[in-house]
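Novice: Provided herewith is a single structure, encoded as structure tokens, for subsequent inquiry.
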Amino acid sequence: MALSDRLNQYQPYALTVLRVVTGVLFIEHGLQKLFGFPLGGQFPSPLPTLLLVQGILEVVGGLATIVGFFTRPVAFILCGNMAVAYFMAHYPKNFFPANNGGDAAILYCFVFLFLIFAGPGLLAIDNNKK
């Protein structure tokens, strides 16, 4: 059995790990905006409406991503959200993502784009819908 064949059998598990880890990290960004946890959130209080909406999207979307609930529609919304976030908050600062702090937004955008097409993988609520 070729190495690629052996690795292919683990693809659904790897997709699940990618989905869950992405959701956990995404929630962290939302919690930072909404509650300043983990420490390091530098957002004013009360939050401007756009940051409040972004924080809610990150927490709720991250939770849905973790459990694999409406994975494709949620990933579609979050992919677009991250593209808009990049061009509104990061791109105006500098052309290069390493200099404008937008590399995470770009990476999230493309991970969510991948999830739109790949689906949730294993261990997802979506897999139990009939």
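Novice: Of all the accessible heavy-atom surface of the chain, with the other protein chains kept in place and a 1.4 Å probe, what percent is carbon and sulfur?
Specialist: After summing per-atom areas, the C and S share lands at 72 percent.
Novice: Further, regarding this structure: If Rh is defined by the Kirkwood formula over all Cα pairs and Rg also comes from Cα, what ratio Rg/Rh do you get for the chain?
Specialist: Reported Rg/Rh, Kirkwood definition of Rh: 1.04.
Novice: Rg and Dmax of segment 59-126, Cα atoms, in Å?
Specialist: Final numbers for Rg and Dmax: 13.1, 40 Å.
Novice: Moving on. Apply the Karplus curve 6.51 cos²θ - 1.76 cosθ + 1.60, θ = phi - 60°, to the phi angles in segment 62-73 and return the couplings in whole Hz, x for Gly and Pro.
Specialist: Result, rounded to whole Hz: x, 5, 4, 5, 4, 8, x, 9, 6, 3, 5, x.
Novice: For Cα pairs less than 8 Å apart in space and 6+ apart in sequence, what is the mean separation divided by the residue count of the chain, i.e. the relative contact order in percent?
Specialist: Computed value for the chain: 29 percent relative contact order.
Novice: Then there is this: Might you report the magnitude of the Cβ-based charge dipole of the chain about its Cα centre, with Lys and Arg at +1 and Asp and Glu at -1, to the nearest 20 debye?
Specialist: The calculation lands at about 200 debye.
Novice: When ligands, DNA and RNA are left out and all protein chains stay put, how many square angstrom of accessible area per residue does the chain have with a 1.4 Å probe?
Specialist: Value returned for the chain: 64 Å² of accessible area per residue.
Novice: Taking R0 as 30 Å, what's the FRET efficiency between Tyr91 and Ala14 from their Cβ-Cβ distance, rounded to 0.05?
Specialist: After rounding, the FRET efficiency stands at 0.45.
Novice: Can you compute the helix-only [θ] at 222 nm over the chain? Use -39500 (n - 2.57) per DSSP H run of at least 4 residues, normalise by all residues, nearest 500 deg cm²/dmol.
Specialist: -21000 deg cm²/dmol
Novice: Counting alpha carbon pairs within less than 8 Å and at least 6 residues apart, what relative contact order, in whole percent, applies to segment 59-130?
Specialist: About 44 percent, as a whole number.
The values are calculated or read from the model by the stated rules, or taken from the named source; none is laboratory data. Nothing here was measured: the structure is a model prediction, and the numbers come from that model. When we count neighbours, we look across all protein chains shown, and the Cβ atoms used for this are built from the backbone with ideal geometry, even at glycine. Heads up: the accessible areas ignore ligands, DNA and RNA and are worked out on the full protein's heavy atoms, side chains in. Shrake-Rupley method; radii C 1.70, N 1.55, O 1.52, S 1.80 Å.
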